[in-house]
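Values in this text are rule-based calculations from the coordinates and carry no lab data. These numbers come from a predicted model, not from an experiment. Positions of Cβ are backbone-derived with ideal geometry, glycine not excepted, and every protein chain shown enters the neighbour counts.
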Amino acid sequence: MSSTVRVRRSRRTVAVAAALGVVALGGSLALPAQSASAEGVKGAKLSVQAPAAVGFAGQPVAFTETITNTGTEATTFSLVLETTSEAGTPSNAITIDYKDRASGAWKSVPLEFHHGAESASYSGAVHNITVPAGKTVTLNLRIGAPMGLPHQGASNGGFRSISLRSAVGAPGSWVKLAEQVKTIKVESIRSSLRSVPATAVAGGAPIEFDAVLANPTPSGYVNLGNVLFSDPHATVQVRRADGAWTTLKKVSGGAVDDLVGVYLQGRDSGIGAGKTVVSKVRVSYDASTPLGATEIHPCVLVNEGSTPFSGTTACGTASTVKVVAATEAPAKPATKAPAKPVAEPATGAAPAADPAAPAPAPTAAPAAPVPQATAPTAPATAELAATGAGSSTVPAVVAATLATLGAGAVLLARRLRRRS
């Protein structure tokens, strides 16, 4: 009897202990749920006002992204940013910056570059974005396609657009609370020539035309070289705002018989977003210039390095000029002075002038007007050089054009050598 009682007590003791264990276990599992309830529910919305386009090899363009905290308490978020572009995208091709809300200074978003067989991507994040419950915070950002570093432009590669993926997440979690994808076009600066004469005389008068630099993009450009390549025997002048003609210094790419370049606005000039600059140019060929066809070729260099014509390069359509031999101008027929009529006394003639009276002052000839600088006009349609992306038309290539020549720009002149 006693043994049976002991067994029953032992089983009851085990049952109670088991029950307590379940309660204890249940209590311990319930704690995180209670804690999560105390922390509140996390949620967010994201609105991205990305730019419609950026300029290839240009300065970054500003935009905003707005995070709304739909949760029940203040939350610190992270904004993950990722770009995807064509496989031809090189490293140092894309940048993203954000404005620090505390200092107001622009800071770079550290980006990791990943290159695949079919596409390339950059990824990074902005952290510690605290948004009160039910409130919104707007971040100021900017994105650009600089194609390299200052005075170290990328030598090849290119892309027509950037796919920007923005996602909001909470620290310690891989769950995306909100996400948006925007497509940003990549447009190009353009150079072209207008009204170039078909022929020029060796040793003769210069030919005149317009060189047009157009920036239809929303990006400004700095470290810019607006270059005109021509025959080594040619002298290139540009008319300044005061109407004076200035002879430009020739820069050679290497070989003696290469085309040489001149910088129309200087080696490190710039142009604002949406601006157009028209330069009045004249070119003369000395008497030793080989006769035949030669080219005048406009190109734009961005972030040119220490080597002439290196960096990110875009070229417009070349114009062909035929250099011909100087010919003697036909002799002008001699002009005979008209015979003086015989003076006859006239009735009522004015009295003779007093010989002692002073002679009237001679009438001065009107001075020749000083030529005025040409005002900027709308650019002519430019055809850009073929690019690494494999397209040769302006609408499709806009961005990739700048990338093809690049480091090979030193050989540009050889490829554009005079066609005899």
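So here's what we get for this one:
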read-out: Cα-based convex hull volume of region 32-131 per residue, rounded to whole Å³; value: 139 Å³
read-out: Unsatisfied cross-links (Cα-Cα over 21 Å) in the set LYS45/LYS176; LYS250/LYS280; LYS99/LYS275; LYS249/LYS280; value: LYS99/LYS275
read-out: Value of Rg/Rh across region 56-195 [Cα atoms, Kirkwood radius]; value: 1.04
read-out: Gain in span if fully extended, LEU149 to THR327, counting 0.36 nm per residue against the direct Cα distance; value: 58.9 nm
read-out: Equivalent ellipsoid semi-axes - Cα gyration tensor, region 186-260, angstrom; value: 25, 17, 13
read-out: Given charges at beta-carbon only (K, R positive; D, E negative), |dipole| of region 90-187 in Debye; value: 300 debye
read-out: Per DSSP, loop trypsin sites (Lys or Arg not before Pro) in region 52-123 with at most 14 further Cβ within 10 Å; value: ARG101
